[in-house]
Amino acid sequence: RKLIKKHALKHDVVYVDFSGGKDSLVILDLVRKSLHPSKFKVLLIDKTILLPGTIEHVKRICEEWGLDLIIVSRRDVDGRDFDYFVKKWVFPRRIHCLWCWDELTLKVLKWLGNDKTVLHITGIRKYESRYRKLFYKVPYHRHNKAHFFVLHPILYWTKKDRDLYLKKNKLERHVISHYSLLGRSGCFYCPFVTSIKYYLRLYKYYPKCFLKILDWERSMLKGGSALWKPGYGKIYISKIYSLIQYYGEEVLFRKTEKELLQRLL
């Protein structure tokens, strides 16, 4: 909280990036306990592929806590969305071709303002993934692409730290139901999610989202796959769909990830 107060005072505009996930829920609670509601705004970037119910969940929390919420997407900038770019460039690839971040998040953030007066407070934790551990070094810095400042107050927290905070501050009732159903929140498609079982759960609970990914994949003339798993290469959603149609998701749920991969490759 001292870190939040210290750096927020340096900036005229403060956004708290809130997606409804566990990490961003912790950050939003910390910020609202550190700053007066008039000193910041809650920001949700809609990549146009959010899981169903996410926007409603975010609105409900902000309304309950009396916080100003701004929801923006690339559509607000120039009318383009994930559907437009995935048909143009095929699916984003991990790290070396992550156009979904550049086109659907970064350009929206720059559109909102990218001078020294703007600060974005995020819920990023470096121990969440190997990539984040390598990339994120300090809690406060100037974004080298967008030219605004960012603050990651819980950068060094572990998953255990986060879950303990949620429990001690009685925030568990505010955790979005996607975690219990899918094990994650946010976008229904993400190049960093390569778990076959995630897509089995997506088909079970949100079949329209699964079938939308399948439609994108089938529309690609170059045969682009929705997934790319290190050590295995292309994983096609169409093959996962064929397995589901043949065996049923309940049978497949009893298989290990390795067994599922063997059936797909």
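The set of residues from the range 1-11 being in a helix (DSSP H, G or I) and either buried (at least 17 other Cβ atoms within 10 Å of the Cβ) or touching an Asp or Glu at 6+ places or on another chain (Cβ under 7 Å) (or both) comprises Leu3, Ile4, His7, Ala8.
When the range 51-72 is filtered for residues that are assigned to a helix (DSSP H, G or I) and under 15 Å from the mean Cα position of the chain (by Cα), the ones remaining, listed by number, are Thr54, Ile55, His57, Val58. Of all residue pairs spaced 6 or more apart or on separate chains, those with beta-carbon atoms under 7 Å, a first member in the range 43-68 that is more than 19 Å from Tyr206 (Cβ to Cβ) and a second member that is part of a helix (DSSP H, G or I) and among the hydroxyl-bearing types (Ser, Thr, Tyr) are Ile45/Thr105. Of all residues in the range 12-49, those that are buried (at least 20 other Cβ atoms within 10 Å of the Cβ), in a helix (DSSP H, G or I) and of a type in the set (Gly, Ala, Ser) total 1.
Results for (1) under 18 Å from Lys2 (Cβ atoms); (2) touching a residue at least 12 places away in the same chain (Cβ under 8 Å); (3) open to solvent by 40 Å² or more (accessible area, probe 1.4 Å), shown as yes or no for each residue.
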residue	(1), (2), (3)
Asn144	no, no, yes
Pro153	yes, yes, no
Trp157	yes, yes, yes
Lys160	no, no, yes
Leu164	no, no, yes
Lys168	no, no, yes
Arg173	no, no, yes
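Figure legend. Inter-residue proximity from the range 213-230: first residues assigned to a loop (DSSP other than H, G, I, E, B), second residues acidic (Asp, Glu), beta-carbon distance below 8 Å, spacing 6+ or different chains. Indicated pairs: Gly224/Glu217; Ser225/Glu217; Ala226/Glu217.
Name the residue that is most open to solvent (accessible area, probe 1.4 Å), counting only residues in the range 100-127 that are part of a loop (DSSP other than H, G, I, E, B) and over 17 Å from Val16 (Cβ atoms).
Checking each candidate, the answer is Lys116.
Taken over the range 235-265, the residue count meeting the criterion of being of a type outside the set (A, V, I, L, M) and not in a helix (DSSP H, G or I) is 5.
The values are calculated or read from the model by the stated rules, or taken from the named source; none is laboratory data. All of these numbers come straight from a predicted model, not from anything done at the bench. Every residue, glycine among them, receives a Cβ derived from its backbone with ideal geometry; neighbour counts consider all protein chains shown. Accessible surface is based on the protein model in full, side chains and every heavy atom, while ligands, DNA and RNA are left aside. Shrake-Rupley method; radii C 1.70, N 1.55, O 1.52, S 1.80 Å.
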